[in-house]
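Any read-out appearing in this document is the output of simple, stated calculations on the displayed coordinates, not a laboratory observation. No experiment lies behind these values; they were computed from the predicted model shown. Quick reminder, even Gly has a Cβ in these numbers, built from the backbone with ideal geometry, and neighbours come from all protein chains shown.
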Amino acid sequence: MMDIAVEFNDQCKEIEFEENDTNITTKNKIVDRFLDSSNPKLLIDFNFYSIWWYYKKVGKEINLDEFNYQKYKEQVRQLSLIENPTEQQLNMCMLKVKPCRIQDNQEYVFSNEPENEVERPEENVESTNQDQNALTPPSSTTTTITDESTTPRSILCGLQNMGNTCFLNVILQTLAHTTVLQDWIFQNNHVDTCQRPICSLCLIEGALKNMHAKSEISKGLLQPTVPVYAPNVFYDNLECLSSQFTKNTQHDCNELLLSLFKHVEKSSILSEIFGFDTQRVTFCEKCDNSSFASRECQTILECPMSEAESELGDCLNNYCGKEFLAGDNAYDCNTCKAKQNGETKIEICSTPPVLLISLKRFKTNSREKLHSAVTYKESFDLDKWLSEECLARSTKKQKFYHLYAVIIHYGINIESGHYICYVKNEFSNVWYEVNDESLQKVYSLPSVFDKTKSVYLLCYVRSDLSKPIITRNVKETDISTELIGGRMADENHIDLPVNITSDLLNALKNLVQFYFVENVYHEQRRYGRCDVFGKLDSDQSKASSRLWIKGKLNEKGKTSYPKLKLGIPSELHEANWSLKVYVITEKSKITAMHYLNLEKRILQSSTDRSAPLVNPVKIRITPKDVLDGIHNLQVCVINEGKLSVAETLPLQSVYNPKTEEFWLWHNSNVANNSITANKQKIDLKNFHLACVLCVNGLPLRCCISDHMSQYDSGTKKGCKRKMKESPSVIKEKGRVIEKQREDEMMVD
């Protein structure tokens, strides 16, 4: 351990640097060291600031990020071995916190030079020398993609509507969040070698790289605004793709996709990612002979719809379902040498890396639109519609798909209306709603899946490609052997590795869903002074009030509690799952931070009177909860101590909504004496619940409830009901009246 100097805003302070510190821990130490509630400008947000240090090996300052943090630790370790280091040597380990300085109007410049001069880990450097063609043709065996060179890359950027161009914007957003395509584009400069006069891949590459540049630029701005890019080059070349795409006219986004696929080479990356084969198979009813038509290459699965409410599987049945052949339409059987009754159907002969499913809402000879509801899920199995040959050669993961983008069309027909989309950032597992220039995080996941009457195009990525890309450098066997493997003899949980890596936890994080299915009711009712176990005359475990948290669906005569979604894969069901529930404050008006609520505690046991009140409380998730995928959250929140005292006590940081960091996961959760509820203008009567899902005791996912406030039984604002006096008050009043009477008799 040694002291490291940190320079920020013309101030220089020291932090304690330890051998086991991580990049995040160092950032949190710096934030705590410079935090000053009297000067909000000193609240360091690393979305807009970066840390720099002098790397002696390259002779210049570089950014301290996760890739070169180990190099910095090694430099500090070498310095600690020197007995009397010089001032110059000490400066080599000084950290400098600076605002990101990038021009807002900067455009991406195509170049063969690397975007960042910072050295990357050796494994990333080696991977760039591998074969650039990461895909195998879909016509052969099932497509495989290597993930060793994949780098986390977020493209969070709005797109300017240049006059009825929402159909273009949703397609660009979908392609920008197609991880396998994004990864290939940023590894290859296709535009430098392409000889075609008009190439849709060149247009896509230019748009995605400029969107990424805008997204990176926004991290350096002092105001947290959503970056917006105007795809002018793409827009100007639309008519080159097809004469139907006239400017200032509404168009079909499905037709745009088909045009993009036509204007590339047949062996291009677009064909390899989105292409799949279909084949029509016909059976003779008399001789059971079957004939196979030639295979056709498709890029979009265009499924007919019914006018009744249906599921996505029903639409796939409409596409692949059997059709009876008879009469004038009878099957001409080669074996029988005559026309016979028969059946015909379409089979899917390959599993594409990315499957695009379009719902035929617009009628062929009419501009009318079908508004039938089609329900869809976050994942589905394609094996029901695959050919026998494809089933035999495909693994289970190659037949299973995960949703990552949804395109929605609002309007009565194709000539009017508006497109928006929902896209998933696979590196953070977060969904976003994108509406042209607007880009907003989706806090309630069900809102992505309730657009059943407007859903138009669904984008699914094959499961063997989605997870390895997210959790690069984690082998497929890491989860199965290290997490699902050996049980401990004396405990009922899975034995995790002693030195578990962050990649391994990220692998689990992206496999598990965790959010509020039923959120909390915004106005919680607490009860008057009584024993939390319900007896007014009890002398044990008394508290000033009790508050069982009710769910949003709670109503008179029907009690409902909040419910948490537990989307845990079946292979992980036998792990030891638990919850930690924290009572936290409302968001501070000064620092925008949530803190641990000091006035409230949680009832640890509803049967043990001697059990202390706690914050947080640990709750075991039962195997039934894991199997059902739902946990009924029942917690009793108790007001402990005096509000006036709690308002002056130092607060402990919990959650920063700006950076989405749950601070209690780190080692910097010490209360700060300079931060109190009064100074931060926090009303401790308002609160949230922060729920942390843990696997074998390790924090995995976090979700925070909606805002809640409380009122006392019978004292709600506007309520004129008179409160019933307690027996002790009535007894005291009787004693006073009796004393007055005795005094009056003595006077007489």
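On the beta carbon distance between Ala392 and Asp236, with R0 = 51 Å, the FRET formula returns roughly 0.60.
Take the Cα of Phe292, step 7 Å toward its Cβ, do the same at Lys679, and the gap between the two points is 7.5 nm.
Modelled label positions at Leu553 and Asn429, each set 7 Å beyond Cα in the direction of Cβ, lie 2.5 nm from each other.
Packing order of peptides 170-178, 701-709, 590-598, highest average first: 170-178, 590-598, 701-709 (average count of other Cβ atoms within 10 Å over each peptide's residues). With a Förster radius of 35 Å, plug the Cβ-Cβ distance of Asp706 and Glu640 into 1/(1 + (r/R0)^6) and report the FRET value to the nearest 0.05. Efficiency at R0 = 35 Å is approximately 0.90.
With 0.36 nm allotted per residue and the present C-alpha distance subtracted, the Ser610-Arg33 stretch has 203.8 nm of extension available.
Among 628-638, 159-169, how do they line up from the highest to the lowest mean number of other beta-carbon atoms within 10 Å?
Top of the packing list down: 159-169, 628-638.
Each of the peptides 232-238, 421-427 was scored by the mean count of other Cβ atoms within 10 Å over its residues; in descending order, highest first, they stand as 421-427, 232-238.
Length gained on full extension, Thr452 to Lys363: 30.2 nm, using 0.36 nm per residue less the C-alpha separation. Annotation for Leu81 and Glu7: the two label points, set 7 Å from Cα along the Cα-Cβ direction, are 2.7 nm apart. One decimal place: the segment Ile300-Asp383 gains 28.1 nm when fully extended, by the rule 0.36 nm per residue minus the C-alpha distance. Tell me, what is the FRET efficiency for Glu19 and Ser578 to the nearest 0.05, using R0 = 30 angstrom and their Cβ-Cβ distance as r? It comes out at approximately 0.50. In the structure displayed, which of Lys27/Lys209; Lys556/Lys681; Lys214/Lys681; Lys424/Lys679; Lys29/Lys685; Lys453/Lys618 lie more than 32 Å apart, Cα to Cα? Violating the 32 Å limit, Cα to Cα: Lys556/Lys681; Lys214/Lys681; Lys424/Lys679; Lys453/Lys618.
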